[in-house]
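Peer 1: One structure coming up, written as structure tokens, with questions to follow.
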Amino acid sequence: MTSFALLTPPAAEPVLLADAKQQARIDTTADDTLVTALITGARQWAEKYTGRAFITQTWQMALDLWPGAVEKWWDGVRQGPITGLDKVNYISLPRAPLQSVASVTYYDDGDNATLWDSGNYFVDTVREPGRLALRMGAVWPVPTRLTNGIVIQYVAGYGDDGTAVPEPIKTAIRQLVAHWYEHRGDAATAPSARGGTVIMPAVPVPLVIEALLDPYRIRYSGA
């Protein structure tokens, strides 16, 4: 089983308030709070749709076992997972583009953590999604804690602000903000990664927005 947690949300949005207001033809400051919330909601929607991280953010991936780990035999006494990892030499890290891997930690049954030396793995930031791959001669560490025995923390995103985010993505976010603002009378709220709620109108997303994002869409399929 694999789970994900956002540890450090982006410190900025890829689209500026002024640019979003210009797209929506808003010439008042009265709705700035609303538009700011819509920008966050649109960015979160677009990140989920594409499987990407736009602005630098830190994620945590927790696994019970490494992908491909299987029990080849069982002698009646189990002291932890018995693994067969001879054919699996990498693990994919969702939310491209991958910037770096901060740490890989594994746990024993007493919840004691061991930091895996970074010399054992190579961080592939070219492939999308990025990968954590074994170095020649290295082997995966074997956790003995059966739940969340492996924890990987990594950093993803195009950069610290919107300058490096592809323009079609920013265009899609601006158009989605304008679309939601126009239909703000029919709205729902959703939790925000920064706390509080984000207003997300419950109306269909125009196909042109999906078309702008489709070239950047990644369908994660495991390792």
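Peer 1: Might you check whether a residue that is among the acidic types (Asp, Glu) and over 22 Å from residue 18 (Cβ atoms) occurs anywhere in the stretch 151-172?
Peer 2: no
Peer 1: When the residues of the stretch 26-40 are filtered to those that are in contact with a helix residue (DSSP H, G or I) (Cβ under 7 Å, 6 or more places away or on another chain) and buried (at least 20 other Cβ atoms within 10 Å of the Cβ), which remaining residue is farthest from residue 213 (Cα to Cα)?
Peer 2: Filtering first and then ranking leaves 35.
Peer 1: Scan the stretch 205-223 for residues that are at pLDDT 55 or above and of a type in the set (A, V, I, L, M) and jot them down.
Peer 2: Hits for the stretch 205-223 are 205, 207, 208, 209, 211, 212, 213, 218.
Peer 1: Pull up the stretch 149-168, narrow it to residues that are within 16 Å of the chain's Cα centre (by Cα) and among the aliphatic types (A, V, I, L, M), then point me to the one that is farthest from residue 13 (Cα to Cα).
Peer 2: Taking the candidates together, the pick is 151.
Peer 1: List the number of the failed condition for residue 131; all other conditions in (1) at pLDDT 95 or above; (2) exposed (fewer than 14 other Cβ atoms within 10 Å of the Cβ); (3) charged (D, E, K, R) hold.
Peer 2: (2)
Peer 1: Something else now. If you check residue 84 against the conditions, is it over 25 Å from residue 205 (Cβ atoms) and either modelled with pLDDT under 95 or crowded, with 16+ Cβ neighbours inside 10 Å (or both)?
Peer 2: When the stated conditions are applied, residue 84 passes them.
The values are calculated or read from the model by the stated rules, or taken from the named source; none is laboratory data. The model shown is predicted, which means the values in this text are computed figures rather than measured ones. We place every Cβ from the backbone using ideal geometry, glycine too, and count neighbours over all the protein chains shown.
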